[in-house]
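Visitor: Okay, handing you the structure first.
The values are calculated or read from the model by the stated rules, or taken from the named source; none is laboratory data. Bear in mind the structure is a predicted one, so any value in this text is a computation, not a measurement. Glycine also receives a Cβ, built like all others from the backbone with ideal geometry; neighbour counts cover every protein chain displayed. Ligands, DNA and RNA are excluded from the accessible area calculation, which covers all protein heavy atoms including side chains. Shrake-Rupley method; radii C 1.70, N 1.55, O 1.52, S 1.80 Å.
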Amino acid sequence: MRVRLDPGVEAEAARGNIIGALYTGSVASVVYAYMSGVIPKVTVVYEIPRNFELFPWMAGVLGAAAVCFAVAAVVRVTRWQLALAQRRRARDPQQALLLPPSASHSEALRRSKPDYATFLKSLLVIAAYCAILVAGGAPVVKEITNASDEAVQFTVLAVTAVLLGVLVVAALRMWRRLLARDVRKLSQDASFAEMMPPTTATLSRYRATAIPELKLTFYAPQRVWYTGLSQVTAERNVFGRPPWRIAYFRLFENEVRVRDFVKGAFRECGYVHLLRSAASVGRAELVRARQTGTVGQLFITSDHRMTSALYHQPTEPLSKGRHPIMSIGSKTVRVRDRKGSYPVATYLCHGSYWQRAVDILLSRSDIVVIDLSGFRRENAGTGYELQRVIDRFPIRQVILLADTGSDTAYLETQIRHAWSMMAHDSPNAGTGSRHLLVSTIPIGGARATRQLLAYMYQRLG
């Protein structure tokens with residue numbers, strides 16, 4: 001199974017299907033028995049004839065419904081058994097690590113991914129519409145609606161415009177995906193890497209001899225209206241504290257959550273640094289690089305270029321008002337800052353260097369935020385970032401994010417496994433216990449992050 005099943009949900013669905021099969025099957029049997037003369041004639045006000053013309057249809061339809069309910073019940077019972085087996089496996093930490101998350105776990109990714117199906121469906125709808133017009137659709141519409149020629153023409157033009165608009169939007173989404181694929185290929189091209197790159201950051205082969213207990217605090221912040229917040233300056237953020245340097249990691253394809261992140265309160269509290277995805281590279285940027293022969297310059301491939309990029313990032317806070325946030329995804333995010341905010345710095349790294357870039361960002365950050373919405377074991381990049389944070393950064397200064405549809409049991413299993421693989425020189429190694437904050441914020445609930453950050457300030461003292 002690709003998803004983790006809930007035994008309670010599957011049992012309830014199986015029960016409903018069994019009841020539906022028994023009910024419709026019983027009614028179909030009674031109708032058939034009455035038609036066949038097995039049951040005595042019934043008189044309700046008047047005698048109901050056995051050869052009533054609707055009886056065969058009723059028996060057939062109800063019998064077919066009973067069969068469908070029975071098949072669905074068998075499927076649900078099978079899924080219920082699988083759910084029970086998954087629950088038993090979840091009690092074993094090693095087997096639990098291999099279990100998939102629930103179906104709702106990837107909701108943020110489903111909202112983020114443009115797919116070819118949208119484009120193909122749009123083409124099919126438009127093709128069907130054109131076929132109707134070619135076959136004389138306009139006269140047919142006029143005859144059915146008894147409308148004038150002008151009304152028919154207006155209707156045809158309006159529908160055509162709407163369908164063309166749908167097609168254009170779908171084509172643009174697919175085009176962005178193809179463009180991102182091209183950039184991704186370039187980022188893996190060895191010819192654009194440094195000839196003698198620094199040693200690529202790798203996870204340590206040596207585990208910590210003393211790994212403390214990990215206590216996970218699951219926190220669901222609420223949207224709260226704060227008063228007395230300060231205007232953002234170079235010295236003080238909205239809470240009147242020195243601005244943080246925030247490193248933000250997430251699944252590259254999870255654009256819904258990165259948009260929520262930049263719309264939230266994190267930029268009010270400090271300078272945000274994140275790695276760019278291939279989808280953030282616009283067509284004009286790529287075309288210009290190809291025309292000038294500087295495609296390799298798109299990517300950061302060395303410590304020197306990474307340090308230079310960090311040094312040249314703007315430090316002047318943004319004034320209050322509306323601002324476009326670019327280079328974080330396939331679309332520009334427009335935000336409204338009531339108290340001002342700090343700039344967002346993005347870095348497009350080559351595939352041979354991005355792990356090293358993670359280390360540099362960690363060495364220059366006060367707070368690390370990792371959004372695990374939609375995360376699976378197969379997401380090796382985000383898995384590496386999670387492990388690297390545990391190995392190199394104080395865990396009390398880390399915030400993990402998830403959306404309300406995320407499978408928190410699955411995430412906890414993955415987090416604890418990464419914790420158990422802690423490197424020997426990790427600042428988190430030792431005795432006692434450590435606390436890690438996991439915040440569940442709904443998709444589109446960016447305003448709740450202000451309470452989250454206030455809570456984080458309280459925890460850090």
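Visitor: Just give me the residues in region 345-376 being within 26 Å of Ser439 (Cα to Cα) and among the basic types (Lys, Arg), in sequence order.
Guide: Residues satisfying the conditions are Arg364, Arg376.
Visitor: Between residues in region 313-327 that are on the phi > 0 side of the Ramachandran plot and residues that are not in a loop (DSSP other than H, G, I, E, B), which pairs lie under 8 Å by C-beta distance while being six or more apart or on different chains?
Guide: Pairs found: Gly321/Arg336; Gly321/Asp337; Ser327/Ser280; Ser327/Thr346.
Visitor: Six or more apart or on different chains, Cβ under 8 Å: which pairs go from a residue in region 226-255 that's in contact (Cβ under 8 Å) with a residue 24 or more places away in the chain to one that's part of a loop (DSSP other than H, G, I, E, B) and among the aromatic types (Phe, Trp, Tyr)? Could you list them?
Guide: Going by the 8 Å Cβ cut-off, the qualifying pairs are Leu229/Phe239; Ser230/Phe239; Val232/Tyr342; Asn237/Tyr342; Pro243/Tyr342; Leu251/Phe375.
Visitor: Let me ask something else about it. Quick test of your reading of the structure: Val287 fulfils all but one of (1) among the aliphatic types (A, V, I, L, M); (2) open to solvent by 20 Å² or more (accessible area, probe 1.4 Å); (3) closer than 20 Å to Val358 by Cβ. Name the failing condition by number.
Guide: (3)
Visitor: Would you check if there is a residue in region 388-397 being closer than 28 Å to Val333 by Cβ, open to solvent by less than 10 Å² (accessible area, probe 1.4 Å), part of a helix (DSSP H, G or I) and not charged (D, E, K, R)?
Guide: yes
Visitor: Something else now. Among residues belonging to region 201-220 that are open to solvent by 60 Å² or more (accessible area, probe 1.4 Å) and within 22 Å of Gly351 (Cβ to Cβ), point out the one that is modelled with the lowest pLDDT.
Guide: The residue in question is Thr202.
Visitor: Hey, any hits in region 282-304 for a residue that's farther than 20 Å from Glu194 by Cβ, at pLDDT 95 or above and not β-branched (Val, Ile, Thr)?
Guide: no
Visitor: Just need a number here: residues in region 334-345 that are in contact with a strand residue (DSSP E or B) (Cβ under 6 Å, 6 or more places away or on another chain) and open to solvent by 30 Å² or more (accessible area, probe 1.4 Å).
Guide: Counting residues in region 334-345 that are in contact with a strand residue (DSSP E or B) (Cβ under 6 Å, 6 or more places away or on another chain) and open to solvent by 30 Å² or more (accessible area, probe 1.4 Å) gives 3.
Visitor: Follow-up question, since we're still on this one. Any residue that is on the phi > 0 side of the Ramachandran plot, crowded, with 19+ Cβ neighbours inside 10 Å and not basic (Lys, Arg) - is there at least one of those in region 356-378? Let's see the steps before the verdict.
Guide: Initially, region 356-378 is screened for residues on the phi > 0 side of the Ramachandran plot, giving 374.
With the extra rule that they be crowded, with 19+ Cβ neighbours inside 10 Å, the set shrinks to 374.
Okay, now just the ones that are also not basic (Lys, Arg), so 374.
Yes: one or more hits.
Visitor: Run Arg87 past the list (1) within 29 Å of the chain's Cα centre (by Cα); (2) without any contact (Cβ under 8 Å) to a residue 60 or more places away in the chain and report the number of the one that doesn't hold.
Guide: (2)
Visitor: How many residues does region 81-117 contain that are hydroxyl-bearing (Ser, Thr, Tyr), modelled with pLDDT under 90 and more than 21 Å from Met174 (Cβ to Cβ)?
Guide: Initial filter on region 81-117 (hydroxyl-bearing (Ser, Thr, Tyr)): 102, 104, 106, 112, 116.
Going one step further and asking which of them are modelled with pLDDT under 90, we end up with 104, 106, 112, 116.
Now restrict to residues that are more than 21 Å from Met174 (Cβ to Cβ): 104.
Residues in region 81-117 being hydroxyl-bearing (Ser, Thr, Tyr), modelled with pLDDT under 90 and more than 21 Å from Met174 (Cβ to Cβ): 1 in total.
Visitor: Considering each residue of region 2-25, count those that are hydroxyl-bearing (Ser, Thr, Tyr) and either out of contact with any Leu (no Cβ under 6 Å at 6 or more places or on another chain) or open to solvent by 50 Å² or more (accessible area, probe 1.4 Å) (or both), and give that number.
Guide: Residues flagged as hydroxyl-bearing (Ser, Thr, Tyr) and either out of contact with any Leu (no Cβ under 6 Å at 6 or more places or on another chain) or open to solvent by 50 Å² or more (accessible area, probe 1.4 Å) (or both) within region 2-25 amount to 1.
Visitor: So Ser330 fits all but one of (1) assigned to a strand (DSSP E or B); (2) touching a helix residue (DSSP H, G or I) at 6+ places or on another chain (Cβ under 6 Å); what number is the exception?
Guide: With (1) assigned to a strand (DSSP E or B); (2) touching a helix residue (DSSP H, G or I) at 6+ places or on another chain (Cβ under 6 Å) applied to Ser330, the lone miss is (1).
Visitor: Could I ask something else about it? How many residues does region 294-312 contain that are part of a loop (DSSP other than H, G, I, E, B) and open to solvent by 20 Å² or more (accessible area, probe 1.4 Å)?
Guide: Looking only at that region, the number is 2.
Visitor: Tell me which residues, restricted to region 15-24, are touching a Phe, Trp or Tyr at 6+ places or on another chain (Cβ under 8 Å) and among the small types (Gly, Ala, Ser).
Guide: Gly20, Ala21, listed by residue number.
Visitor: Among the residues of region 316-333 satisfying the criterion of being of a type in the set (Gly, Ala, Ser) and surrounded by fewer than 19 Cβ atoms within 10 Å (Cβ to Cβ), which is modelled with the lowest pLDDT? Step through it out loud before you land on a result.
Guide: Step one: filter region 316-333 for residues of a type in the set (Gly, Ala, Ser), giving 319, 321, 327, 329-330.
Now drop any that are not surrounded by fewer than 19 Cβ atoms within 10 Å (Cβ to Cβ), which leaves 319, 321, 327.
Details: Ser319: 93, Gly321: 93, Ser327: 88.
Among those residues, the one meeting the criterion is Ser327.
Visitor: Being over 12 Å from Leu275 (Cα atoms) and among the hydroxyl-bearing types (Ser, Thr, Tyr) is the filter here; which residues of region 339-370 pass it?
Guide: Selection gives Ser341, Tyr342, Ser352, Ser363, Ser365.
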